[in-house]
Each structure stands twice: as C-alpha cells, then as structure tokens.
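Peer 1: Can you read through this structure? Questions will come right after.
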Amino acid sequence: MKSFFKKLFAVLISLTLFLSLFGCESKDTQKEDPPQKEVTLLEKEQVIDALERDIYNRSFPADSKEKEFMGLSDANAVGVDRDRFENEVLYPVPDEEDFVAVYDVREYGIFPENKDNAPALNILLKQIKNVEGLKFLRFPQGVYLFHATVNFADIEDLYVVGEDAEWRMTEWTSAMDIRNCKNFHINGFEFDYHPASTVTGTVISTDEAKRSVTLKLGEEFDMSDSRFNGGKVKYGSYMEYVWDETYGAYIPDKDGMLRYNSTGDRVENLVGGSYDPAAHTLTIAFSADSGYRAPDEGTKVSVSYTMYEYGMFMFQSCEKVYMESNDVYASLGMTFVTYNVKDLYMNRTNLRLREGSERLMTSTADGLHANGCYGDMIVTNSLYEASHDDAMNICSFYNTVSSYAGNTLVCGASSATTNYPIMEGDVIEIYDPQSMELIETYTVVKVTALGLSYDLTVDKRIREDISGCLVGNTTRVPALKVENCIIRNKRNRGILAQVRNSEIVNCAFYNVLHGPIMMNASFDIFAEAIIPRSITVRNCKFFDNNTAHGLSADVSAFRNGGTVLANTVRAIEVENNYFSRSAAGAVYFCGTGDCVAKNNLAYDICRSAVNDAQRAMISLVTDRNAYVCDNFAYLPSAIEGFALLYKSAAEGTEATGNIEYILEGKV
C-alpha cells in the first residue's frame, strides 16, 4: 500500500512540474485586458446638435453615445452615407475587351459641332439592334446637340456611355424613347435642354386691376424663341420662391402664388402673358378665379412653358434598365418615365439644378414616374431637387369589373394611358370602390385581351357580387428600394409610394413642401393603384418639411376619400428615423393595420399644426393593432394640445417606452 502512495505522490509531483512549465499561466501572470476606451456621454442637447449638423449619418463624435435613451436604436446609422452618395459605383461599364462591338459615334458622323445628331444616331441604332452580344456606344468628350428624339427599339445588351459628354436637346421633345430593350445601360452623361422651358425673373411691378405681375428676366433667358409663345403660357406654371438661409437655396414659397395651366386637370389660372424684348421683361396675367395676390417687389419667380407634355426618358416594355453616374438638369414634363418595365436600377443619377444657371426648377412635372412596372426598382445615391411635382411617383392603375360569372370576369381600364397588361399567372385583388375593402384575391389562369378590356379566367369561383368593383394587379407592382438618396427644395411630395414589399432607407428629405413620404389608398380621377402594404421607412433624416400641409405628417400612410376602414393599408414600419422642425407630425397612420412606429426621435415638430392629428408625433386614426414603441419627442417649448401618441378609433394598440421631453426653462 505504501508503494502505491509513493507512486501516486511521484505522479502528482511530475504533473505539477509539467503544468508549471507548459500549462496554463497562473492568475498572477495572465495578460490583462486592454483598457477600455473612454466613452463620452452626450446630453440631450448635444445629441440634437449632432443630428442637426447635416443630412449625413455617423453624426456623433467618435467614442460617444447618448447619456440617456432618446429613442433611436442606432443614432449613427441615421442619414445619408456621404462617401457612398458621392462615389459608389454599382453597375460599372465592363472592360472594352468584353464587348463584341464598340461604336465610337464620331466614326458614324456624330460630332459635337453638328447642329442635330439625331438622324445619324437613329440610323446607327438600326444597325446595332441586329448585332448579338454586348455592345458599347461611346460618346467622347463634348456637347452633342439633338433636335429630335432618339429611338432605341428592340435592342439588347447595349451600353450608351458618355465620357465627359453632354446630351443637349435643342427641341422641346423627349430626349430618348426606349422600347422593348433588354439589359440597357446609360452611363456618364449630362442631359439638358437649350433653351429649357423654364425662365426665372424678379418681380419689378404688379397691377391689381389687371391681376398681373411683371418680371425682370435673368440674362440667360432669351424668350424671343417662338416656343415661348410671346410670353403667353399655354400649359405651364408660375411659382414664387423665397431664399432659405439655412440651406443656401431658393425654395417654393408656401405662402406665395403657385398658379398653373394644367394638361391634366383643366385648370387655367394663367390667362395672359407678354414678353418685352427691349426691356427683357415678362408680364403674366391671372384669371379672375385664380386667387391673385400681388407679390412683393424683389420676389423670385419661376415660369414654365411646359408641364406634362414630354417625358425626357421614355422607357416602355423594357427589362433590366440601368442608369448610373448621370446628371439631368431640366425636363419638359416627367423626367424618368417607366411604363411596363421589369427591373429598373438607378445609381448616382441626379435630377439637379445646373450650377451657374439661374433656373429654379428642374422637372416641370415628376422626377421618376413609374406605371405598371414590376420586379426590382432600386434607386440609390441620387439627388432629386426642385421638381414641380412629385420627386417619385410609383404606382399602377385600377381596372373596373363590368361583368362576372362562375370563375370568369371582364374588367377594363379607364383609358389608354391607364391600360397595363394582365397576364396568366398574375395575382389580382378585388376591392370595394367606396371603402377600398379587400373582397377577394385570385390568380389569373387565362386572359383574352381586347383594347382596354380583359376577359379573365381565375383560379376559383367568384362568390361575391363584384360588379363595379376595382381590380388591382399585385404582380405589376415593383419592389421599390430608395436608398441613400436626397430629396429637397421642392413643392408637392417627395415619394408617393403605392407599392408593396418596399423600403426607403438612409435618405434625407428637406424643404419638401407637401410632405416627404405618402402611402395612400384611394380611387379618384387618377385611378392610381395599388393599396400599399409591407413598406419600411428606416434610418432617414427629415428637416423642415410639410410646410404647405400636404400631409398630416412627414411619413403618412392612409386611406384617402370614401369610407375609411381599418386594415386597408397594412404593415407599414417606421423605424429609427430623425424628424426635425416638421410643420405637422412625424408619423400618421389612418385606415391602417399592423403598423409599427418604433425608435424614432422627433425634435421641434408640429410647428404649425392645424388639428389634433397633426399635433402629435404619432397619430393613429381608424387603426388596428399598431405597435408604438420607444419613440422620443423633444420639444424646445410646450405646445398646447401636443401628444406624443394621438388615437382616434384605434384599437389593439400596444404602446410602450415612449417618452415626451420639454426643454426645461422654456414655456
């Protein structure tokens, strides 16, 4: 037994020596953890100051964070990534050896010194479309003039590339008409009109009796061109501007006159106009029912001589369209028009004012206008400014049921401009036209189309009375992604999103007079579809918006007109956004269901609210099952009647962790 213990003792001694030499370090010799970086804790006012500094993300100083919770789940993620916005390339032009054919336009009679390059380019494009494989159409440096629309038809795999080149239109018509093209790229151009259809002047006199305003025009505007019609506006607009010291820009005056003659709704406010070439002045006269108000002398005014006539880029029935690294300075209507397009990608393609020009308006209508599109619609790192109408309007259109029986129905579009195809396999929804209530969903198994009418066979028997009901095609709705974009200094709305499964992330909106983001369900004279669903707004900054009270909040999702029912617009999420100096609220849900507002920070909002719903950070009206969590409202001074959360006919709301803070010492 002693022998056994001696052996055991020897083994333990050996094991101890082994571990001391080769085993774990003792506690005393273990490496110490590196010292933790000291974190600066920011007071509330410092947090606001950091977020207010600019529109970009990464607002906070390094190694700092909020001392107290202020709503945002990730404050440094909020805003635009500046490096991406200025530099990111997502759809690069391949190397030259990857193309089967390279066309230098100079070899085909297309030169900057030509007065009109459209005829030669149209001839070349007819040759190109018969060549299979990847093709490169090169425009070397220079300003290329076009006096007619260039037609791209039935072409696949084409890169149209400007190498420090400008495409300048000298006629008031579309620049490009692109039809039935696939894998179509436009890279590296500046686009402009000469002359553009807008002029800028300064008020030098008014006449109350004649209801007129006389402008002294800027030197760059020559209205002797016959297209200006001697100064009389046929279709166009008159808009007054004010100087915004904060942003160093002219913006539409919310209290000034905006009057127009519309191509769409038959409004005619501008009844007279005359140009005096000797004095270089323009006098505009207004109709008796225009609500004429004489502006002050010195007021800046933009007058346009087009409105919706010509889209600059007309994409129709195309697939996989790409635009990257382009600047567009003017258009005679909507700028980027996409009809029945599958997969649209736009990166660093800007609608912007031309540096050095006195023009105050870019597009005389919408910036991006998309109808009946599907697949991806991705807009990244782009600036949209100073357009007359929406920066982006993404929608389709409703058809109306005229008859039904068994598992068939007949429906039709209201006009050729609202007629988009219904195909086998498409999923359609049927709505009550008065309430927009969803009646039923069907899959189309057979289609017979004739003009504006569609005879549809669907996958199951129709059991409800659907006469006169609306048909929305959920398949013809793009998955919209607007990421890292800036929308600023304009009237009307920022983004009108009648889409699904979409997101608006890391964008900045400021001085958008009628409100930044609108997601609505309605049936009116425009017949625009579809009822929005499953849209996320995240990591965005909003400054000084909605001053003309176009919306009840900066982000508004609602049922508009008719009977308002809960659960019409559903699954809208507004998360981790910063709202500052909004005229009304931050978030408005009406006729909604299963919506989320969480981790948002609002500062100095509801500055000119006109009702209780606008006098709240978040409003729920006729809503079901909203989740309102961890939002923070910071008010520099008290607002009578303010509520962080306003509810009217809202049921099933879960609200937790929301904080309202009024700066001490202010009343």
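Peer 1: Classify the range 57-151 from the C-alpha gyration tensor, please: rounded if a/c falls under 1.5, else prolate or oblate depending on whether a/b exceeds b/c.
Peer 2: It comes out prolate by the Cα gyration axes.
Peer 1: Full-extension gain between Ile659 and Asn183, please, as 0.36 nm times their residue separation minus the C-alpha to C-alpha distance.
Peer 2: 166.4 nm
Peer 1: Given axes a ≥ b ≥ c from the Cα gyration tensor, I'd like to know whether the range 397-475 is rounded (a/c under 1.5), prolate (a/b larger than b/c) or oblate.
Peer 2: rounded
Peer 1: What FRET efficiency would be calculated for the residue pair Phe526, Val242, taking the C-beta separation as r and a Förster radius of 41 Å, to the nearest 0.05?
Peer 2: 0.85
Peer 1: What FRET efficiency comes out for the pair Val131/Ser534, r = Cβ-Cβ distance, R0 = 56 Å, nearest 0.05?
Peer 2: Step by step, r from the Cβ atoms, then E = 0.85.
Peer 1: Once you have a ≥ b ≥ c as the square roots of the Cα gyration tensor eigenvalues for the range 115-218, tell me rounded if a/c is under 1.5, and otherwise prolate or oblate according to whether a/b is larger than b/c.
Peer 2: Here the range 115-218 falls in the prolate category.
Peer 1: Then there is this: For Lys115, list the aspartates and glutamates whose Cα falls under 12 Å from its own Cα; do not include residues on the same chain fewer than 8 positions away.
Peer 2: Within reach: Glu171.
Peer 1: Now, a different point. If one computes the Cα centroid of the range 498-514 and of the range 535-582, what distance in Å separates the two points?
Peer 2: Between the Cα centres of the range 498-514 and the range 535-582 lies a distance of 9 Å.
Peer 1: Modelling each spin label as a point 7 Å along the Cα-to-Cβ direction, I'd like the Glu113/Asp612 distance in nm, to one decimal.
Peer 2: 7.5
Peer 1: Between Ser73 and Val427, with labels modelled 7 Å along Cα→Cβ, what's the label distance in nm to one decimal, could you check?
Peer 2: Modelled inter-label distance: 2.5 nm.
Peer 1: Right, here's the next one. Could you work out the per residue convex hull volume over the alpha carbons of the range 198-304, in cubic angstrom?
Peer 2: Normalising the Cα hull of the range 198-304 by residue number yields 106 Å³.
Peer 1: On to the next question. Have a look at Leu480, Gly133, Val512 and report the one farthest towards the positive end of the charge dipole of the chain, computed about the Cα centre with Cβ charges (Lys/Arg +1, Asp/Glu -1).
Peer 2: So the residue we want is Leu480.
Peer 1: So how do 226-232, 323-329 stack up, highest first, on mean other-Cβ count within 10 Å?
Peer 2: 323-329, 226-232
Peer 1: Related question: If I take every Cα pair under 8 Å that is 6 or more residues apart in the chain, average their sequence separation and divide by the length, what percent do I get for the relative contact order?
Peer 2: Reported as a whole number, the value is 9 percent.
Peer 1: Please list 196-202, 445-451, 150-156, 379-385 highest first by mean number of surrounding beta-carbon atoms within 10 Å per residue.
Peer 2: In descending order of packing, they fall as 379-385, 196-202, 150-156, 445-451.
Peer 1: How big is the Kirkwood radius of the range 516-667, worked out from every pair of different alpha carbons and given in Å to one decimal?
Peer 2: 15.1
Peer 1: While we're on this one: Can you show me the helix-derived [θ] at 222 nm for the chain, built from DSSP H runs with n ≥ 4 at -39,500 (n - 2.57) apiece and divided by the number of residues, rounded to the nearest 500.
Peer 2: -2000 deg cm²/dmol
Peer 1: At a Cα cut-off below 13 Å, give the aspartates and glutamates reachable from Lys129, other chains included and same-chain residues fewer than 8 away excluded.
Peer 2: Result set, ordered by chain and number: Asp154, Glu156, Asp157.
Peer 1: Something else about it: Going through the cross-link list Lys44/Lys647; Lys481/Lys598; Lys126/Lys490; Lys232/Lys490; Lys126/Lys232, which pairs have a Cα-Cα distance over 32 Å in this structure?
Peer 2: Exceeds cut-off: Lys126/Lys490; Lys126/Lys232.
Peer 1: Quickly rank 117-124, 271-278, 389-396 as a protection proxy: mean count of other C-beta atoms within 10 Å, highest first.
Peer 2: Final packing ranking: 389-396, 117-124, 271-278.
Peer 1: Can you list the GluC sites (Glu not before Pro) in the range 569-667 that are in a DSSP coil and have 14 or fewer other beta carbons within 10 angstrom?
Peer 2: Within the range 569-667, the qualifying GluC sites (Glu not before Pro) (loop, at most 14 other Cβ atoms within 10 Å) are Glu640, Glu664.
Peer 1: I've got another one for you. So, counting K/R as plus one and D/E as minus one, what does the shell of residues with Cβ under 12 Å around Arg624 add up to?
Peer 2: Summing Lys/Arg as +1 and Asp/Glu as -1 gives -2.
Peer 1: Over the residues of the chain, compute the C-alpha Rg and express it relative to 2.2 N^0.38 Å.
Peer 2: Normalised Rg, Cα atoms only: 1.14.
Peer 1: Label point 7 Å out from Val267 along Cα-to-Cβ: which residues of the range 234-248 have amide N under 13 Å?
Peer 2: Correct set: 236-240.
Peer 1: Then there's this: Suppose a student asked you for the relative contact order of the range 242-372, using Cα pairs under 8 Å spaced at least 6 residues apart; what percent would you report?
Peer 2: RCO, the range 242-372: 19 percent.
Peer 1: Hey, another quick one. Could you work out how far the C-alpha centroid of the range 154-233 sits from that of the range 449-482, in angstrom?
Peer 2: The range 154-233 and the range 449-482 have Cα centres spaced 38 Å from each other.
Peer 1: For the range 246-322 and the range 385-428, write down the distance between their C-alpha centroids in whole Å.
Peer 2: Spelled out, the Cα-based centre of one part sits 30 Å from the other.
Read-outs: derived from the displayed coordinates by stated rules, not from any lab. From a predicted model like this one, the values you see are computed outputs, not experimental measurements. No Cβ is skipped: glycine too gets one built from the backbone with ideal geometry, and neighbour counts run over all protein chains shown.
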